[in-house]
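Here is the structure we will look at, set down as structure tokens.
The values are calculated or read from the model by the stated rules, or taken from the named source; none is laboratory data. Just so it is clear, the structure is predicted and the values come from calculations on it, not from any experiment. We place every Cβ from the backbone using ideal geometry, glycine too, and count neighbours over all the protein chains shown. With ligands, DNA and RNA removed, areas are computed over all heavy atoms of the protein, side chains included. Shrake-Rupley method; radii C 1.70, N 1.55, O 1.52, S 1.80 Å.
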Amino acid sequence: ILKMLSSAPLEGSVDPQLVFTPENWKVPQTVIITGQSDDKVDGNQEFYIYFKVESDDIKYSNFLPLQKVKLINIDTNTPGFNISLISGPTREDGTFATFSFYLNTQPDSEVTVNLQTSDSTEGLPSLSQLTFDSENWNIPQVIKVSGVDDQLNDGNQPYSIRFTVQTNDFNYLLKPTDVNVINEDLD
């Protein structure tokens, strides 16, 4: 039995063992090593696969551990924001629309996202601030945007929900894309 162990299972996993018998000893067997996503922006990570032989056959039972194999797990995690499209227009009678917001990767420190409307006479977000941390970073937070009646016969009006970010996590000092909304005129 060839036992295998990863030095960093959160970076790369390996099937735990291969079995060689008198019937298959000459047949090559494939070791499958699978890179793992750890949801963090941590750069490319080095890890090792260690091997050990276990056997009742005396010719193999005294083998020293085999040489380790060095591998690198390429980091594909990219910091950023997942912002859904707005569910539809708002209306001057207070009809609302929604969108959701969450992070692409687990942050190193708390990420606070401030929300503001570009035109408070057309529409307002239900929340002024979202907070993400290592526990809730990938849980969508839903924001309701309600239409406002400006008492003007000005037709359907575009406005935006805009974001600013506060954090000590260098990876998240980014500007999220605005959410564009239309407020339907009822005057």
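Residues in the range 130-149 that are surrounded by 17 or more Cβ atoms within 10 Å (Cβ to Cβ) and part of a loop (DSSP other than H, G, I, E, B): W137, V148. If I filter the range 156-168 for residues that are open to solvent by less than 30 Å² (accessible area, probe 1.4 Å) and assigned to a loop (DSSP other than H, G, I, E, B), do I get at least one hit? Scanning the range 156-168, I find no residue that is open to solvent by less than 30 Å² (accessible area, probe 1.4 Å) and assigned to a loop (DSSP other than H, G, I, E, B), so the answer is no.
For M4, the conditions (1) outside any loop (DSSP other than H, G, I, E, B); (2) in contact with a helix residue (DSSP H, G or I) (Cβ under 9 Å, 6 or more places away or on another chain) are fulfilled apart from (2). Among the residues of the range 17-44, those that are over 21 Å from I74 (Cβ atoms) and in contact with a strand residue (DSSP E or B) (Cβ under 6 Å, 6 or more places away or on another chain) comprise Q17, L18, Q29.
The set of residues in the range 1-10 that are open to solvent by less than 80 Å² (accessible area, probe 1.4 Å) and more than 20 Å from Q106 (Cβ to Cβ) comprises I1, L2, K3, M4, S6, S7. I need the full set of residues from the range 39-54 which are part of a loop (DSSP other than H, G, I, E, B) and surrounded by 14 or more Cβ atoms within 10 Å (Cβ to Cβ), in order please. Within the range 39-54, D39, V41, D42 qualify.
Let's see how each residue does on (1) closer than 18 Å to K59 by Cβ; (2) open to solvent by less than 60 Å² (accessible area, probe 1.4 Å):
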site: G12; (1), (2): no, yes
site: L18; (1), (2): yes, yes
site: T21; (1), (2): yes, yes
site: P28; (1), (2): no, no
site: S37; (1), (2): no, no
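How many residues are within 25 Å of the chain's Cα centre (by Cα), of a type in the set (A, V, I, L, M) and open to solvent by 70 Å² or more (accessible area, probe 1.4 Å) when one looks only at the range 72-129? The total comes to 3. For the range 131-145, the count of residues that are of a type in the set (A, V, I, L, M) and over 29 Å from the mean Cα position of the chain (by Cα) is zero.
Where in the range 76-128 are there strands (runs of 3 or more DSSP E), lying fully within it, with 2 or more residues that are over 18 Å from P158 (Cβ atoms)?
Strands (runs of 3 or more DSSP E) meeting the threshold: 81-83, 96-103, 111-117.
Considering the conditions (1) at pLDDT 90 or above; (2) touching a Ser or Thr at 6+ places or on another chain (Cβ under 9 Å), T30 is excluded by exactly one of them, (2).
Annotation note: of G155, G123, G147, the sole residue that is without any contact (Cβ under 8 Å) to a residue 40 or more places away in the chain and not polar (S, T, N, Q) is G155.
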